[in-house]
Structure formats: structure tokens, C-alpha cells
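Asker: There's a structure below that I have some questions on.
The values are calculated or read from the model by the stated rules, or taken from the named source; none is laboratory data. From a predicted model like this one, the values you see are computed outputs, not experimental measurements. Because the Cβ atoms are built from the backbone with ideal geometry, glycine has one as well, and the counts that use them run over all protein chains shown. Each accessible area value is taken on the protein alone, full model and side chains, heavy atoms only, with ligands, DNA and RNA left out. Shrake-Rupley method; radii C 1.70, N 1.55, O 1.52, S 1.80 Å.
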Amino acid sequence: MQKLTPAMDKQGSDHGDPPRFSFDRPLHAAIARATAGQSPAALVQAYTDWAQHLLFSPDKQIELAEEAFQNWMHFLQYCPEAVLDPDCEACVELTPNDKRFAGDAWHSWPFNAISQGFLLTQQWWHHATIGVKGVSAHHEDIASFVARQMLDVVSPANFLLTNPEVLETTFQQGGINLVRGVMNFFEDQQRVVEGKKPIGADAFQVGRDVAVTPGKVVARNGLMELIQYAPATDRVYREPVLIVPAWIMKYYILDLSPANSLVKFLVDRGHTVFILSWKNPTGEERDLGMDDYRRLGVMAALEAVSAMVPGQLIHAAGYCLGGTLLAIAAAAMARDGDKRLGSLSLLAAQTDFTEAGELMLFIDEAQVSFLEDMMAEQGYLDTRQMAGAFQLLRSNDLIWSTMVQSYLKGERPPMFDLMAWNADATRMPYRMHSEYLRRLFLDNALATGHFEVDGRPVSLRDIRVPIFAVSTISDHVAPWRSVYKIQALTDADVTFVLSNGGHNAGIVNPPGRPNRKHQIATHIENENYVAPDVWQQNAVHHDGSWWPCWQGWLVKHSSADRAPVGTMGAPSNAHAPLADAPGTYVLSS
């Protein structure tokens, strides 16, 4: 096994030990444990900026007072109408993504009035926290987001006496649902304390129920295992496919149950597939940086694949952060004249971070410095701290609705493979995560040509191989307009896909599922740039999964003839199989 020696570069922040008598780092780490990693200073800065400018803006104050009066009058007019006609015109219409008050029970008195009163209040606070002259865009986003989160806590959907659906369930079951809810609550708290997975997740064990596509671990170092999957056809396309998943997640999201495994989909159609399984780091790997993941991950895997399938171009695909790293590696390879790549596929992967979506709410200098102090003490970003940030982005779906169902209705939400995978979280090394946040999010160094590999900057414009980029319409982690920017950053032919679904469900998108659809169009190298909204208006619509489109694109960029199936690994080149898939690293908790 290759020895793990972190690369030392000059990018990122200071990762050395703090001054001997410094009190800052332990103080910030202690505060972080109480605030789930959120910087109080960042929140104070945002709200101070908003409050000060609102205080000195009488025009905005008058506008809000007028809106409050109009809302109150509208609500007073609505209440008696709603008593007589539950289907009368609402004060505020629900947004398509807000399912809290969509049930029929919410149309009856007095719950229609309760929900409308809440929505009017929520609407007023939204207007109060935006459009205040002088407030920075980032602070405005934080103020609006936090106001929304605080209101979501007191939503009438979250309480027994103001939720008609819960009341109906309680009357029908004689309160037994509340007893079950209390039992569910204490069981969940016990599992959190004991570090166990959510109830039902044990039904999806890695290697038994998920990650079951046959294969072998054919290479291993201190950071990753490389898995080669057994062929399922008599002949295979000559060009292998190398998949680089994100290490913010475990690789088997792309090899879940056999029915929705992207890996199996490719193998069944004659592709030789390799995938990286990243090690779940501990405090001992605190000094691993972005370049270590490129060097010991992507480049080490390419070396191994080239040895096992010699003389063939490689179709490289990267998912999420793995796609960003793969783009960096591809740019460095192009700069250095390394021509081993035959194509590049980026799945929900950003290369420009100026419009990185609501995740930017948690990323500014104050927040990143706070996180660095927290990570420095333990050597990594904890799984719970990371999961909490993602849950807040969709708190109604991932927090409050689940709590209502489990603790008020006493019903356990059904567990499925993607949900069980989501609970199998990983950690982020201190150095890597700091560099990732600073160099990519804060500095946007990759898009601006300032990201360095081996001491020299790389440019995405050096990439000349065909690119297949996939994004999803509801992605909160990698918004599709941000992913789309790859077309402006490279001089390659880019086939761009916009699929329905979110960051995970839009990628785990097997054929045959109902309500699947996507748009697709190819931008040729010498064509004029098309703005994302114009592209969305004109791109061809297709029903069904985007997987067959991608597989057909891979075939188009592969050799016409197929090779007979060979042996797994390459024993003569020191790549004899080491273990059966899914390997050992993925089992680390």
C-alpha cells in the first residue's frame, strides 16, 4: 500500500499549530460545539448590517408599515369569508415546494385562517429582510434565511393543537399516535447518543443490500481503494470508465440497489467500470489537502487503470466535489501534455463558485475562520456538523415534516436505499476542507485561473476533450446555473443536461421510473455562448432518465469494435485483486 504523505503547498490558510498560549482556538471550538459549527460573529455581522440600514431607512420602514396594515385588513376580510366558503380566495398562495398546508384539512375553519395568518407573517418578514438599501447581498441572504428558519420553527404545522391532520389522527387513534411519537423521540435520541444509524437503515447493509455489483479492489493506498467491476457482457468497449465520487459522501450512491445502480447500468451495457472508494479520514489525516486528493486519488487511479487497460483512452466521470477535483486534474493534465483522457463527464459538479446557491450562506471569512478553529481541534469536520448545514437548506422537508410525522403522528417515514446512504456520512480533513472553502468558494480560484497544481496555475480552457455535464433543476448544493458555467470556461464541446430532481435524486435517476424528464443540447467549441435561461427555453425536452443519453454519448466517443473480456486487475503490473467489492474503506464509520 502506498504510503500516505501529505503534499505541502502554499495554497489555503495557515494550518500550523496555534500560538502556545492562544485562547482563541479552544474558545471558538467550544462555541462551535454549542452552535453546530455556525459562527455567532457571522450572524451578528449580517443582522447588524441589516438592522442599521433599516434603522436609517424611513422609506423602507413606511413601506413595511403600509404592508403590515394592508395584510392585517386583508386577513380581517378573509376570516369571515373563510368561515362561509373554505375555498374562497386565499391571502397568500402556497409555493409549489411548500407542502405544509396543502392537505384538505387545512381548508377548514379555523385552520385556514391560522395557516394564512402564518403565511402573511412569513411574507412580511421576507420583504422586511430584502431590499434594504446599503445591505450587502451576502448579509441580506443570511438575514432573510435566518428569519425564515426562525419562522419555520413556529409554523402551525409543527404543533398538535394547530395542525388539523395531527388532530384528526389523534382523535382516530385515541392518542396512541402521541404515545408512539414519544417512544420514537426517545429511541432517536438514544441512537444519536450511541452513534447508531437511523431506525430502518440497518436493512440496507453495504455489500449485502447496496453496493452489491460484483467487482474487485485492484489498487489501494492510504486515501482510496480502486474498484474494478466484473464484466457482464462477452465483449466490452475498449475505453474504460473511471468514476471519481465526492469524498463528502460514500461512493456507493452510484452503486445503490441493483435497480438504481449507475455502475451496474454501465457494466450491463458493456463498459469496463472503475470507481474510487475514499477512506473516511480521522484526525490522523488532518493535513491532507486538495492536492493530496488529486495526487493520491485521481492521478493514482489513472495510473492504475492505464496499467490494467494499456494503450486506451479513459472516460473520466466525477460527481459533485469529485467532479470539481477531476476538472482540476484534467486541466493540469492538459497543461502538461498528458493525453490519457478520452472524455470528461461532470455530474452536478461546479467549476465556478460565484453562484453556488444557498450553501454560500454558510461561507464567508468569519464563518470559514470559525470552522478552521473548530476543525483544528479535532482534525476534521464532523459528519453531524456537515449534515446539519445541508438539512437547514431544506428544513421543512428534512427536519420539521419528519418530526411531525415521527413524533406527532407517530409514523416512521419509510426507509429506502438513498435515505440509508445519506445517513452513512463521512468526515472532511481539516486542511482539505479549509482549502476547498477558501480557494474554490471564497477566492473562486479555479474559474479565474489562479488555482495552482505543482506550483503553477491551471486553466480549464486547456481542456480539449468532449465534456458531458449533468445538472438538476432543484439542486441546492450545486445549482444548475452554476454547473452550466462550464460552457463559458472551456473551449471543448460541451453536452449539457438539465434533469429534474435534486442533487442526489436527480443523479440517481435510473430508466423506468415515473415522472423523469430532462433537457439536453450540445454546445460546439466555436459556437457563441448561450445564456442559461435561453438554453433552458430552447433545449430539447425528453421524457425519462438521462442515463441512456450519457451511455450513448460514451459509446459515440468509444471505439467502434469491442474487446474480449480480460482478467480482473493486472497481476503482472502489481494490480492483483486485493479484496472483493465493496472493499474495506467504505465500511469505516
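Asker: Yes or no: region 41-53 includes at least one residue that is within 30 Å of Ser369 (Cα to Cα), of a type in the set (Phe, Trp, Tyr), modelled with pLDDT of 90 or more and assigned to a helix (DSSP H, G or I).
Answerer: Looking for residues that are within 30 Å of Ser369 (Cα to Cα), of a type in the set (Phe, Trp, Tyr), modelled with pLDDT of 90 or more and assigned to a helix (DSSP H, G or I), one finds at least one in region 41-53, hence yes.
Asker: Now for a separate question. Which of the residues spanning region 270-303 are buried (at least 23 other Cβ atoms within 10 Å of the Cβ) and of a type in the set (Gly, Ala, Ser)?
Answerer: Ser277, Gly289, Gly297, Ala301
Asker: Okay, moving on. Only one of Val305, Val298 is outside any strand (DSSP E or B), touching a Pro at 6+ places or on another chain (Cβ under 7 Å) and either farther than 30 Å from Gly552 by Cβ or hydrophobic (A, V, I, L, M, F, W, C) (or both). Can you tell me which?
Answerer: Val305
Asker: Does Gln378 count as modelled with pLDDT under 85, open to solvent by 20 Å² or more (accessible area, probe 1.4 Å) and touching a Gly at 6+ places or on another chain (Cβ under 9 Å)?
Answerer: For Gln378, the condition - modelled with pLDDT under 85, open to solvent by 20 Å² or more (accessible area, probe 1.4 Å) and touching a Gly at 6+ places or on another chain (Cβ under 9 Å) - is met.
Asker: Is region 210-219 home to any residue that is surrounded by fewer than 18 Cβ atoms within 10 Å (Cβ to Cβ) and of a type in the set (D, E, K, R)?
Answerer: No: zero hits.
Asker: Contact list please: Cβ distance under 9 Å, first residue in region 196-224 and on the phi < 0 side of the Ramachandran plot and of a type in the set (D, E, K, R), second residue assigned to a strand (DSSP E or B) and surrounded by 20 or more Cβ atoms within 10 Å (Cβ to Cβ), pairs at least six apart or on different chains.
Answerer: Between residues of region 196-224 that are on the phi < 0 side of the Ramachandran plot and of a type in the set (D, E, K, R) and residues that are assigned to a strand (DSSP E or B) and surrounded by 20 or more Cβ atoms within 10 Å (Cβ to Cβ), the close pairs are Lys216/Ile227; Lys216/Gln228; Lys216/Tyr229; Arg220/Leu226.
So that you can scan it fast, the table gives a plain yes or no per residue for (1) of a type in the set (A, V, I, L, M); (2) open to solvent by less than 10 Å² (accessible area, probe 1.4 Å); (3) closer than 15 Å to Met419 by Cα:
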| residue | (1), (2), (3) |
| --- | --- |
| Leu223 | yes, yes, no |
| Glu239 | no, no, no |
| Leu254 | yes, yes, yes |
| Ser257 | no, no, yes |
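Asker: From the list Ser401, Ser406, which one is part of a helix (DSSP H, G or I), at pLDDT 85 or above and over 22 Å from the mean Cα position of the chain (by Cα)?
Answerer: Exactly one residue qualifies, and that residue is Ser406.
Asker: Got at least one residue in region 84-98 being farther than 15 Å from Ala147 by Cβ, of a type in the set (Asp, Glu) and not in a loop (DSSP other than H, G, I, E, B)?
Answerer: Looking through region 84-98, none of the residues is farther than 15 Å from Ala147 by Cβ, of a type in the set (Asp, Glu) and not in a loop (DSSP other than H, G, I, E, B).
Asker: Do we find a residue being outside any loop (DSSP other than H, G, I, E, B), open to solvent by 70 Å² or more (accessible area, probe 1.4 Å) and either of a type outside the set (S, T, N, Q) or at pLDDT below 95 (or both) anywhere in region 485-493?
Answerer: no
Asker: With Ala334, Ala317, Ala327 as the choices, which residue is small (Gly, Ala, Ser), under 25 Å from Asn444 (Cα atoms), part of a helix (DSSP H, G or I) and within 22 Å of the chain's Cα centre (by Cα)?
Answerer: Selected residue: Ala327, the only one of Ala334, Ala317, Ala327 that is small (Gly, Ala, Ser), under 25 Å from Asn444 (Cα atoms), part of a helix (DSSP H, G or I) and within 22 Å of the chain's Cα centre (by Cα).
Asker: Quick one: in region 304-328, of everything that is in contact (Cβ under 8 Å) with a residue 40 or more places away in the chain and small (Gly, Ala, Ser), which residue is most open to solvent (accessible area, probe 1.4 Å)?
Answerer: Ala307
Asker: May I ask you to list the residues in region 337-366 that are part of a strand (DSSP E or B) and either of a type in the set (S, T, N, Q) or open to solvent by 30 Å² or more (accessible area, probe 1.4 Å) (or both)?
Answerer: Selection gives Ser343, Ser345.
Asker: Given Ala113, Ala90, Ala147, Ala105, which one is open to solvent by less than 70 Å² (accessible area, probe 1.4 Å), at pLDDT below 90 and of a type in the set (Gly, Ala, Ser)?
Answerer: Criteria check complete, one pass: Ala90.
Asker: Let me ask you something else. So, Arg431, is that one in contact (Cβ under 8 Å) with a residue 40 or more places away in the chain and under 30 Å from Met333 (Cβ atoms) or not?
Answerer: It is true that Arg431 is in contact (Cβ under 8 Å) with a residue 40 or more places away in the chain and under 30 Å from Met333 (Cβ atoms).
Asker: Here is a further query. Is at least one residue of region 535-556 under 27 Å from Phe416 (Cα atoms), touching a residue at least 12 places away in the same chain (Cβ under 8 Å) and of a type in the set (Asp, Glu)?
Answerer: Checked against the condition, which is being under 27 Å from Phe416 (Cα atoms), touching a residue at least 12 places away in the same chain (Cβ under 8 Å) and of a type in the set (Asp, Glu), region 535-556 yields at least one hit.
Asker: I'd like the full set of residues that are among the aliphatic types (A, V, I, L, M), surrounded by 14 or more Cβ atoms within 10 Å (Cβ to Cβ) and assigned to a helix (DSSP H, G or I), limited to region 161-201.
Answerer: Hits for region 161-201 are Val166, Leu167, Leu178, Ala201.
Asker: Please list, ordered by residue number, the strands (runs of 3 or more DSSP E) wholly in region 515-589 having 3 or more residues that are of a type in the set (Val, Ile, Thr), open to solvent by less than 70 Å² (accessible area, probe 1.4 Å) and within 30 Å of Ala211 (Cβ to Cβ).
Answerer: Where strands (runs of 3 or more DSSP E) fall fully within region 515-589, none carries at least 3 residues being of a type in the set (Val, Ile, Thr), open to solvent by less than 70 Å² (accessible area, probe 1.4 Å) and within 30 Å of Ala211 (Cβ to Cβ).
Asker: For region 439-484, which residues satisfy the criterion of being basic (Lys, Arg) and assigned to a helix (DSSP H, G or I)?
Answerer: The answer is Arg439, Arg461, Arg481.
Asker: What are the residues in region 306-340 that are of a type in the set (Gly, Ala, Ser) and either over 17 Å from Tyr484 (Cα atoms) or modelled with pLDDT under 95 (or both), if any?
Answerer: Those that are of a type in the set (Gly, Ala, Ser) and either over 17 Å from Tyr484 (Cα atoms) or modelled with pLDDT under 95 (or both): Ser306, Ala307, Gly311, Ala316, Ala329, Ala330, Ala331, Ala332, Ala334, Gly337.
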